[in-house]
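Peer 1: This is the structure I want to talk about, given as structure tokens.
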Amino acid sequence: MFTSVDDVSARLAETGYLASPAVATTVFLAAQLGKPLLVEGPAGVGKTELAKAVAQVAEARLVRLQCYEGVDESRALYEWNHAKQLLRISAGRDESWDETRTDIFSEEFLLPRPLLTAIRGDAPTVLLIDETDKADVEMEGLLLEVLSDFQVTVPELGTVTATRRPFVVLTSNAGRELSEALRRRCLFLHIGFPEEELERRIVRLKVPELGEALTASVVRVIGALRAMDLRKVPSVAETVDWARTLLALGAGTLDETVVRDSLGVILKHQDDIQKAAAKLDLGDLGAL
């Protein structure tokens with residue numbers, strides 16, 4: 001998939017994803033070793049986008065399992081088409097149960113979900129298991145077989161083993177602690193908030209129309225907000241959104257009025273907005 005760490009950085013950059021050296025190195029090792037990649041970090045720092053970028057540069061299909069509380073085998077692995085099975089049973093009333101059972105538990109009646117879809121694919125595939133920490137602990141048990149042996153067992157059909165291993169990316173916002181068994185099967189990568197220079201490059205890439213000076217000011221103010229004790233500090237996604245907002249407003253500089261009127265773009269709680277409005281000193285930041 002990749003020839004070197006530099007190749008990872010260069011090809012991801014072509015898709016608009018600017019990877020730090022740590023990100024590029026871990027992606028390269030995951031591809032070389034054939035191991036799943038567990039990416040942890042706050043929301044909005046580019047965990048999901050990393051999987052999408054890898055799929056794009058590898059010209060692979062992206063299969064996504066979005067985790068949530070209550071997601072189970074029927075949503076993650078497979079389920080049987082019960083309505084179709086009932087129709088088949090009704091149509092074959094003159095057949096023996098053994099004949100009917102063999103038929104209704106065949107491929108024709110199987111509804112593959114993301115995990116099984118990724119395992120059975122022959123084409124290059126990136127399997128994204130998104131927000132793994134939102135799933136119940138029991139869900140991790142379903143993942144272990146996939147992450148260990150890249151196979152899925154369907155009792156009625158047997159074991160399905162991957163003929164071509166997918167590149168697996170699991171993301172977590174660290175909402176709960178994932179099991180050690182799951183972590184052992186993965187390479188681990190933590191993506192935090194980027195360094196100031198990297199974030200400026202990201203903003204310039206995503207919003208090239210924004211001036212250099214204003215881009216630098218945006219990144220400095222975001223850095224100051226992250227240093228505050230807020231319920232939810234702004235992520236990279238909010239930085240880019242704010243840059244686009246300032247461009248839409250036609251702002252040439254960051255003055256107090258512009259910042260206070262647009263804080264709702266980067267802060268999502270009223271108490272955070274009030275705290276930021278009281279503490280943020282644009283003059284001290286050199287943003288003016």
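The values are calculated or read from the model by the stated rules, or taken from the named source; none is laboratory data. The structure presented is a predicted model; accordingly, all values stated were derived computationally and were not measured. Ideal geometry is used to build each Cβ from the backbone, glycine not excepted, and the neighbour counts take in all protein chains shown. Only protein heavy atoms, including side chains, enter the accessible area calculation; ligands, DNA and RNA are left aside. Shrake-Rupley method; radii C 1.70, N 1.55, O 1.52, S 1.80 Å.
Peer 1: Could you run through region 27-44 and say how many residues are surrounded by 23 or more Cβ atoms within 10 Å (Cβ to Cβ) and over 16 Å from LEU127 (Cα atoms)?
Peer 2: 0
Peer 1: Still on this structure: For region 182-205, how many residues meet the condition of being under 18 Å from LEU128 (Cα atoms), outside any helix (DSSP H, G or I) and open to solvent by less than 50 Å² (accessible area, probe 1.4 Å)?
Peer 2: 4
Peer 1: Moving on to the next point. Would you point out the residue of region 265-278, among those that are in a helix (DSSP H, G or I) and either surrounded by 13 or more Cβ atoms within 10 Å (Cβ to Cβ) or hydrophobic (A, V, I, L, M, F, W, C) (or both), that is farthest from the chain's Cα centre (by Cα)?
Peer 2: ALA278
Peer 1: Exactly one condition in (1) exposed (fewer than 14 other Cβ atoms within 10 Å of the Cβ); (2) under 38 Å from the mean Cα position of the chain (by Cα); (3) not β-branched (Val, Ile, Thr); (4) not assigned by the TED database to the domain that holds ASP149 is not met by LEU87; state its number.
Peer 2: (2)
Peer 1: Do any helices (runs of 4 or more DSSP H) entirely within region 1-60 hold 2 or more residues that are among the basic types (Lys, Arg) and closer than 26 Å to ASP133 by Cβ, and if so, which?
Peer 2: Here the list reads 47-57.
Peer 1: Looking at ARG75, ARG113 in this structure, which one is touching a Leu at 6+ places or on another chain (Cβ under 9 Å) and within 29 Å of MET1 (Cα to Cα)?
Peer 2: ARG113
Peer 1: A further question on this structure: Can you tell me which residues in region 45-73 are small (Gly, Ala, Ser) and either open to solvent by 30 Å² or more (accessible area, probe 1.4 Å) or not assigned by the TED database to the domain that holds SER172 (or both)?
Peer 2: Listed by number, the list holds a single entry, GLY70.
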